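Asks: To start, I am sharing the structure in question, which I have written as structure tokens.
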Amino acid sequence: MRKILLTGCLGQIGTELTLHFRKEYGDNNVVASNRTKKDFPEVIDGGPFELLDVLDANRLAEICNKYKIDTIVHLAAILSAVGEVKPQHAFNVNLNGLYNVLEVARENGIQVFTPSSIAAFGPSTPPDNTPQDTIQRPNTIYGVTKVAGELLCDYYYTRFGVDTRGVRLPGLISYKALPGGGTTDYAVHIYYDAILHNRYESYIAAGTKMDMMYMPDCLKAFTMLLEANPDRLIHRNAFNIAAMSFAPEDMEKEIKKHLPDFELSYNVDPVRQAIADSWPNSMDDSCAREEWDWKPDYDLAAMTEDMLKQLRIKLAK
Ligand code: NAD
Ligand code: SER
């Protein structure tokens with residue numbers, strides 16, 4: 001059985017991925033870690049948990065040794081909007097953190113899975129049906145670290161034989177943990193505000209399409225690629241994966257099917273709008289489909305129905 005270490009496990013993805021992996025691989029085989037503790041008792045008390053700053057290479061090695069880790073799922077990162085506020089910090093965490101993970105993996109024969117993002121593309125990338133292999137000239141620090149991370153993971157595979165794998169994730173929508181400061185966060189907040197206030201003010205302009213995905217599909221993709229037959233993998237790192245592409249008004253239309261009085265207004269944030277404008281409208285994920293049978297389960301309608309149902313329970317409305 002795998003012995004998995006997750007870094008940055010108390011964020012939007014990690015809080016769900018830890019529980020998902022513990023179900024698949026056993027509670028004691030999944031070590032959760034984060035730089036700080038947060039109020040997620042299911043994750044912290046449901047199996048091994050360690051405080052770990054990924055910039056501390058010695059502590060990372062100590063934890064890998066203590067638990068005989070053979071797989072690291074590296075999630076600790078600074079996302080796009082926070083990254084533009086603190087670019088030096090984003091560079092440090094996103095690149096030096098990944099370097100520490102790859103080095104400990106090289107020294108100990110550990111497999112590494114780490115997500116890239118739609119942010120690895122930029123304004124000169126073809127925006128529609130964005131190919132797997134295409135122009136990548138992002139203009140955010142987050143995007144720069146993601147492209148460099150993709151290349152670094154490829155390098156550790158070809159140069160040192162480290163089994164590195166990863167996907168380019170779309171914006172993720174989920175109801176357990178709030179998103180950590182990205183550009184696509186509006187697509188989560190809109191559901192909370194729909195339930196709580198029956199209205200939402202969007203910082204992203206009408207007509208701005210971005211790739212998005214519901215969390216269950218993200219969890220499924222991580223397991224599928226982690227377990228994929230290596231002989232079939234041509235790309236290994238940074239697979240485009242897609243599920244749905246929409247603009248704020250598409251969400252409005254879908255939410256109105258459940259809450260007919262819901263109102264959407266706009267107060268556009270120029271920083272996050274510029275980031276959104278530089279990202280693809282929709283990615284071509286045919287390589288993931290061909291190389292490891294990727295296929296999403298949720299579209300906008302199915303996700304909206306489930307998000308509203310789950311949030312009504314969570315927010316007791
Ligand atoms: P998040 O911001 O919700 O969580 C990140 C976690 O990392 C937080 O719990 C934070 O405390 C922790 N962290 C920050 N600095 C750390 C450090 N130095 N050491 C250890 N932990 C640290 O992020 P997320 O949404 O869960 O994203 C996880 C990964 O997925 C990131 O690489 C991100 O770029 C990628 N991704 C996320 C999305 C999305 O929509 N959520 C989309 C594309 C890619
Ligand atoms: N959801 C992420 C962000 O907006 C995409 O990587 O930063």
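The values are calculated or read from the model by the stated rules, or taken from the named source; none is laboratory data. This is a predicted model, so every value here is computed, not measured. As a convention, Cβ positions derive from the backbone with ideal geometry for all residues, glycine included, and neighbour counts pool all protein chains shown. The area values use the complete protein model at the heavy-atom level, side chains included, leaving out ligands, DNA and RNA. Shrake-Rupley method; radii C 1.70, N 1.55, O 1.52, S 1.80 Å.
Asks: Looking at ALA243, ALA302, which one is open to solvent by less than 40 Å² (accessible area, probe 1.4 Å) and touching a strand residue (DSSP E or B) at 6+ places or on another chain (Cβ under 6 Å)?
Replies: Matching residue, one of ALA243, ALA302: ALA243.
Asks: Tally time: how many residues in the stretch 134-146 are open to solvent by less than 50 Å² (accessible area, probe 1.4 Å) and of a type in the set (D, E, K, R)?
Replies: Count: 1.
Asks: For the stretch 261-286, give me each residue that is open to solvent by 30 Å² or more (accessible area, probe 1.4 Å) and in a helix (DSSP H, G or I).
Replies: Listed by number, the residues that qualify are PRO270, VAL271, ARG272, ALA274, ASP277, SER286.
Condition check ((1) within 16 Å of ligand 1 (Cβ to nearest atom); (2) surrounded by fewer than 23 Cβ atoms within 10 Å (Cβ to Cβ)) across all residues:
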position	(1), (2)
ILE118	yes, no
PRO123	no, yes
PRO127	no, yes
ALA148	yes, yes
VAL167	yes, no
ILE173	yes, no
ASP185	yes, yes
ILE190	yes, no
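Asks: Could I ask something else about it? Please go through (1) open to solvent by 10 Å² or more (accessible area, probe 1.4 Å); (2) under 24 Å from GLY166 (Cα atoms); (3) in contact (Cβ under 8 Å) with a residue 24 or more places away in the chain for GLU254 and return the number of the only condition it doesn't satisfy.
Replies: (2)
Asks: Would you mind stating whether TYR156 is part of a helix (DSSP H, G or I), hydroxyl-bearing (Ser, Thr, Tyr) and surrounded by 23 or more Cβ atoms within 10 Å (Cβ to Cβ)?
Replies: Answer is no for this residue.
Asks: Okay, next question. Out of all the residues in the stretch 117-134, which are over 15 Å from ALA276 (Cα atoms) and touching a helix residue (DSSP H, G or I) at 6+ places or on another chain (Cβ under 6 Å)?
Replies: GLN132, the sole residue that qualifies.
Asks: Could I ask something else about it? Could you tell me whether the stretch 235-247 includes any residue that is among the small types (Gly, Ala, Ser), more than 10 Å from ligand 1 (Cβ to nearest atom) and assigned to a strand (DSSP E or B)?
Replies: Yes, the stretch 235-247 contains a residue that is among the small types (Gly, Ala, Ser), more than 10 Å from ligand 1 (Cβ to nearest atom) and assigned to a strand (DSSP E or B).
Asks: Go through the residues of the stretch 137-153 one by one and say whether even a single one is in contact with a strand residue (DSSP E or B) (Cβ under 6 Å, 6 or more places away or on another chain), modelled with pLDDT of 95 or more and among the hydroxyl-bearing types (Ser, Thr, Tyr).
Replies: No, the stretch 137-153 contains no residue that is in contact with a strand residue (DSSP E or B) (Cβ under 6 Å, 6 or more places away or on another chain), modelled with pLDDT of 95 or more and among the hydroxyl-bearing types (Ser, Thr, Tyr).
Asks: Taking the stated definitions as given, is LYS209 away from ligand 1 (no atom under 15 Å from the Cβ) and buried (at least 17 other Cβ atoms within 10 Å of the Cβ)? Before the answer, list the steps.
Replies: Numbers: away from ligand 1 (no atom under 15 Å from the Cβ): yes; buried (at least 17 other Cβ atoms within 10 Å of the Cβ): yes.
Yes; evaluated as a whole, the condition is true for this residue.
Asks: Only one of LYS3, LYS37 is of a type outside the set (A, V, I, L, M) and away from ligand 1 (no atom under 12 Å from the Cβ). Can you tell me which?
Replies: Exactly one of LYS3, LYS37 is of a type outside the set (A, V, I, L, M) and away from ligand 1 (no atom under 12 Å from the Cβ), namely LYS3.
Asks: Being over 18 Å from CYS9 (Cβ atoms) and at pLDDT below 95 is true for just one of ARG236, ARG232, ARG199. Which residue is that?
Replies: After applying the criteria, what remains is ARG236.
Asks: May I ask you to verify whether ALA221 is within 30 Å of THR18 (Cα to Cα), crowded, with 21+ Cβ neighbours inside 10 Å and in contact with a Lys or Arg (Cβ under 9 Å, 6 or more places away or on another chain)?
Replies: No: the conditions fail for ALA221.
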